[in-house]
Amino acid sequence: AAAASTAAAAPPWFGRADPKFYAWLRENYMPLQAGQVAFFALLSLCMRDPGVLVWGWAGRVLITMHATWLVNSAAHVWGAQPFDTGDDSRDNWLVALLVGGDGWHAGHHAFPRSARHGLAAPEWADFNWLVVKGLERAGMAWDVQLPSAEMVERKRKNKA
């Protein structure tokens, strides 16, 4: 009975750190992309709208990839540096809006294990944190890490 309850409490397949699954994803990246293109091309033909292919696949990929790359480029050049991180990471509100919160990049560098990057009061646009919090409440995320208020205050540059 103990083994059955342990198996029932185990995370689902997508929640496990399974090296075989991630190896399969890497090996099948191009066929998976080709499948997406085929799906959107077929949908585009059925709807008689080439915009479905352009925005459904190409636009979506280009926009999300470039928005993600902004985190390690723009968020290291422009924005505030509220924490002593020893590097050039910055909090950039525009990048945070585009990528769901990862633009609060100085917070990430100050506390790399933190599930929440928007650590200051005005950093409300941390939608990724809201998703993690929702997954935690649903029992699909566990051991969620956050810095304590004291830890945040210790790393803050301009202490009051």
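The values are calculated or read from the model by the stated rules, or taken from the named source; none is laboratory data. Everything quoted here is computed from the prediction, not taken from an experiment. All Cβ positions, even for glycine, are placed from backbone atoms using ideal geometry, and neighbour counts span all protein chains on display. For the accessible areas, the whole protein counts, side chains as well, though only heavy atoms, and no ligand, DNA or RNA atoms are used. Shrake-Rupley method; radii C 1.70, N 1.55, O 1.52, S 1.80 Å.
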Residue among G103, G107 that is touching a Phe, Trp or Tyr at 6+ places or on another chain (Cβ under 8 Å) and under 30 Å from V37 (Cα atoms)
G103
Any idea which of (1) open to solvent by less than 60 Å² (accessible area, probe 1.4 Å); (2) over 12 Å from the mean Cα position of the chain (by Cα); (3) among the charged types (D, E, K, R) is the one D126 doesn't satisfy?
(2)
Residue that is among the basic types (K, R), out of contact with any Gly (no Cβ under 7 Å at 6 or more places or on another chain) and at pLDDT 90 or above, where the choices are R116, R90
R116
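Rundown of residues vs (1) open to solvent by 60 Å² or more (accessible area, probe 1.4 Å); (2) touching a residue at least 40 places away in the same chain (Cβ under 8 Å); (3) closer than 20 Å to K155 by Cα, yes/no style:
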| site | (1), (2), (3) |
| --- | --- |
| W69 | yes, no, no |
| H76 | no, no, yes |
| T85 | no, yes, yes |
| L98 | yes, no, no |
| A110 | no, yes, yes |
| H117 | no, no, yes |
In segment 34-67, how many are open to solvent by 40 Å² or more (accessible area, probe 1.4 Å) and either touching a residue at least 24 places away in the same chain (Cβ under 8 Å) or on the phi > 0 side of the Ramachandran plot (or both)?
1
Scanning segment 131-153 for residues that are loosely packed, with under 15 Cβ neighbours inside 10 Å, not charged (D, E, K, R) and not in a loop (DSSP other than H, G, I, E, B) gives V131, G134, A149, M151
When N92 is run through (1) in contact with a Ser or Thr (Cβ under 8 Å, 6 or more places away or on another chain); (2) within 12 Å of A75 (Cβ to Cβ), the failure sits at (1)
Any chance G15 is modelled with pLDDT under 85, open to solvent by less than 50 Å² (accessible area, probe 1.4 Å) and closer than 30 Å to V152 by Cα:
yes
